[in-house]
1. Compute a Gaussian network model of chain A, connecting alpha carbons closer than 10 Å, and tell me which residue from A:Asn59, A:Asn79, A:Asn71 fluctuates the most.
2. HN-Hα J couplings of the stretch B:42-47 from phi, Karplus 6.51/-1.76/1.60, θ = phi - 60°, integer Hz, Gly and Pro as x?
3. Just grab the label-to-label distance for A:Glu53 and A:Ala80, each label 7 Å out from Cα along the Cβ direction, in nm (one decimal).
4. Once the Cα gyration tensor of chain A is diagonalised, what are the square roots of 5 times its eigenvalues, in whole Å and ordered largest first, as equivalent ellipsoid semi-axes?
5. Determine which lysines satisfy two conditions relative to B:Lys107: a Cα distance under 23 Å, and not lying fewer than 8 residues away in the same chain.
6. Please order A:Phe64, A:Phe69, B:Phe65 by the number of other Cβ within 10 Å, starting at the fewest.
7. Label-point separation (nm) for A:Val97 and B:Asn5, each offset 7 Å from Cα along Cα-to-Cβ?
8. If you project the alpha carbons of the protein assembly as shown onto the principal axes, what extent comes out on each, in Å, largest first?
Amino acid sequence: ETGVTQSPTHLIKTRGQQVTLRCSSQSGHNTVSWYQQALGQGPQFIFQYYREEENGRGNFPPRFSGLQFPNYSSELNVNALELDDSALYLCASGDRVSDTQYFGPGTRLTVL
Amino acid sequence: GQQLNQSPQSMFIQEGEDVSMNCTSSSIFNTWLWYKQDPGEGPVLLIALYKAGELTSNGRLTAQFGITRKDSFLNISASIPSDVGIYFCAGHYGGSQGNLIFGKGTKLSVKP
């Protein structure tokens, strides 16, 4: 059973640019969730996808958007990057019934 | 929004000591999860709890889902150096729509 993988590992962008982060879910899972983790804080929920549709969203503006593909891989897109978007972005896959989520290693985004 | 109060914020351990940390919420939770996160990595699931009163062990780790469904604790027995890291409690409540709510973490360090 393969785990959750994310790419890239690190990314540096400048303010105003757009970024796409990618995630491959663990085999057998049908939900993908994205979280933002600022330094010294717990992860904050951005949104979850189930059957390729958004299934819940946290307190993040519309410039944070996502996609889930039929093979359960997923993308997080962030437009008009701001300095405060600098964080570790975590992808988690899970099963909708059990509510348990398994995390990938994360993508460290730095916005200059 | 909903928050989890996790304590202590940090603690120092000596090898062989037992460790205890807990999490409380103002709402009733349906699931409690405990994760460990090492620097630069994603959270790793340690224990998942699904029923009030449930007591579950994973090696030297033991966690319980509080009877009131508003709290959970994690105990680590006979700590070893590789136990250092940040431990997070997380959970789902009725209105969370796939959103895992996280505590702010308990940082475990080795006593100098």
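We did not get these values from a lab; they are worked out from the coordinates using the rules stated. Values in this document were obtained by computation on a predicted structure and should not be read as measured data. Virtual Cβ from ideal backbone geometry, glycine too; neighbours counted across all protein chains shown.
1. Largest GNM mean-square fluctuation: A:Asn59.
2. So the J values, rounded to whole Hz, are x, x, 10, 5, 9, 8.
3. Rounded to a tenth, the inter-label distance reads 2.8 nm.
4. Semi-axes from the Cα gyration tensor: 23, 14, 13 Å.
5. Excluding near neighbours in sequence, the set is B:Lys36, B:Lys70.
6. Working: A:Phe64 18, A:Phe69 13, B:Phe65 24.
Fewest-to-most Cβ neighbours within 10 Å comes out as A:Phe69, A:Phe64, B:Phe65.
7. 3.7 nm
8. Answer, in whole Å and largest first: 49, 40, 36 Å.
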